[in-house]
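The values are calculated or read from the model by the stated rules, or taken from the named source; none is laboratory data. This structure is a prediction, so every number in the text was calculated from the model and none was measured. Neighbour counts are summed over all protein chains in view; Cβ atoms, including those assigned to glycine, are modelled from backbone coordinates with ideal geometry. The protein model used for the area step is the full one, side chains on, heavy atoms only, and it has no ligands, DNA or RNA in it. Shrake-Rupley method; radii C 1.70, N 1.55, O 1.52, S 1.80 Å.
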Amino acid sequence: MKLKPFACFSLLVTASLVLTACGGSGGAQEPIQALGAGEGQVDIIAWAGYIERGETDPTYDWVTAFESATGCVVNVKTAATSDEMVSLMNAGGFDLVTASGDASNRLIAGGTVQPVNIDLIPSYNTVDERLQNAPWHTVDGVHYGAPYQWGANVLMYNTEVFPEAPTSWNVVFEEMTLPDGASNKGRVQAYDGAIYIADAALYLKSHNPELGIDDPYQLTQAQFDATVELLTGQRELVSRYWHDVVVQMEDFTSEGIVASSSWPYQVNLLQFEGKPIASVVPSEGATGWADTTMLHVNAPHPNCAYMWMEHSLDPQVQGDVAAWFGSVPAVPAACTASELLTDAGCATNGFDNFDQIAFWKTPSGTGFVPYSQWVEAYNEIKGQ
């Protein structure tokens with residue numbers, strides 16, 4: 001979505017809500033020009049596993065040192081979907097959010113986040129050049145956050161059921177007999193978010209080329225209808241639409257689930273527990289996320305928030321987060337700065353796969369089905 005400078009733009013979010021924001025002198029506030037003393041705390045909405053203080057594993061802690069150095073106590077609200085993040089940010093009371101691309105543009109368009117002054121984030125120039133001006137957080141040269149982490153939505157599978165890695169997403173989209181001789185019906189999951197429609201569209205892009213799908217987030221009505229048809233058929237296979245990472249891990253260990261879209265975070269934790277779990281990016285490719293730490297327009301603690309954004313770009317912090325979550329750091333220097341990640345960690349986590357990932361973004365554009373219809377259609381599918 002190309003936005004004009006000094007102009008208003010709108011984004012249809014639901015059937016009844018159009019968010020409008022104005023840039024330039026007509027609306028968007030100017031970024032903070034100087035920092036003062038910390039306010040004593042910072043409140044952050046984040047994905048599970050993104051902000052750790054050693055409570056799960058004492059080795060993984062990038063919060064305690066920050067609190068000691070700044071006096072800013074870090075409070076975290078975990079969110080399970082981008083829609084939840086947008087809702088929480090719209091309600092207010094938070095300073096920061098680690099927003100994926102399908103949330104960040106909505107937050108910008110809604111005026112919910114403010115531009116950031118990258119001069120007050122000295123480490124910004126160490127960010128991967130592929131991310132510094134990415135369209136999901138930069139509008140006409142104005143930055144709306146600091147890149148955090150990125151990666152692919154992987155196919156997680158049970159290695160006892162799949163002695164060899166699955167090569168296609170068909171194991172979750174089409175009914176079939178799996179290598180263990182049993183059907184996949186009732187043994188697979190799908191992500192509990194309307195953005196998952198893009199995963200199905202990416203699958204059809206490869207298997208039904210006559211549909212002419214180019215961008216899985218920009219679907220004509222005919223392409224969208226075909227994708228909804230695929231997902232409606234998948235409903236007969238899915239035992240749960242997952243959004244809680246803990247519940248998904250429990251389903252893989254005790255409820256007979258053997259394949260699902262997932263995040264590297266769940267894969268890492270299950271493997272750490274010795275479970276027969278692995279992951280793969282199948283032949284059709286994968287959707288993915290590039291997350292940005294964004295500042296609320298009415299952030300109660302902006303000084304601590306800027307201090308956190310700078311801290312979040314520290315190479316060791318970036319590497320430790322990547323090691324814990326299974327993601328790729330936004331700062332390339334992190335690839336050799338973290339003992340937890342190891343020198344091979346960036347390659348293992350997909351540093352060179354950037355161009356092969358269809359990163360989450362809010363569906364929009366003239367002639368394409370808007371996100372409001374994605375939400376409506378996906379809710380209908382799940383409710384069947």
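Side notes on the structure shown:
- Ordering THR56, GLY274, SER239 by the projection of their Cα atoms onto the charge dipole of the chain, which places +1 on the Cβ of Lys and Arg and -1 on the Cβ of Asp and Glu, puts SER239 at the extreme positive end.
- For the chain, accessible area per residue (1.4 Å probe, heavy atoms of protein chains only), Å²: 40
- Overall form of the range 224-378: oblate. Here a/c, set by the Cα gyration tensor axes a ≥ b ≥ c, is 1.5 or more, and a/b is not larger than b/c.
- Solvent-accessible surface (1.4 Å probe) assigned to THR167 amounts to roughly 100 Å².
- By the compact-protein rule of thumb, 2.2 N^0.38 Å, the alpha-carbon radius of gyration of the range 54-93 corresponds to a ratio of 1.51.
- Links that overshoot a 29 Å alpha carbon limit, given the list LYS205/LYS275; LYS275/LYS361; LYS185/LYS275; LYS77/LYS185: LYS205/LYS275; LYS275/LYS361; LYS77/LYS185
- Hull-based mean projected area of the range 92-196, where the convex hull spans the alpha carbons, in square nanometres: 10.0
- Helix content alone sets the calculated 222 nm mean residue ellipticity of the chain: runs of n ≥ 4 DSSP H residues at -39500 (n - 2.57) each, divided across all residues, give -8500 deg cm²/dmol.
- Of all the options LEU155, LEU295, LEU35, the one that moves most in a Gaussian network model of the chain with Cα springs shorter than 10 angstrom is LEU35.
- The GluC sites (Glu not before Pro) of the range 295-384 that meet both conditions, a loop assignment by DSSP and at most 13 other Cβ atoms within 10 Å of the site Cβ, are GLU339.
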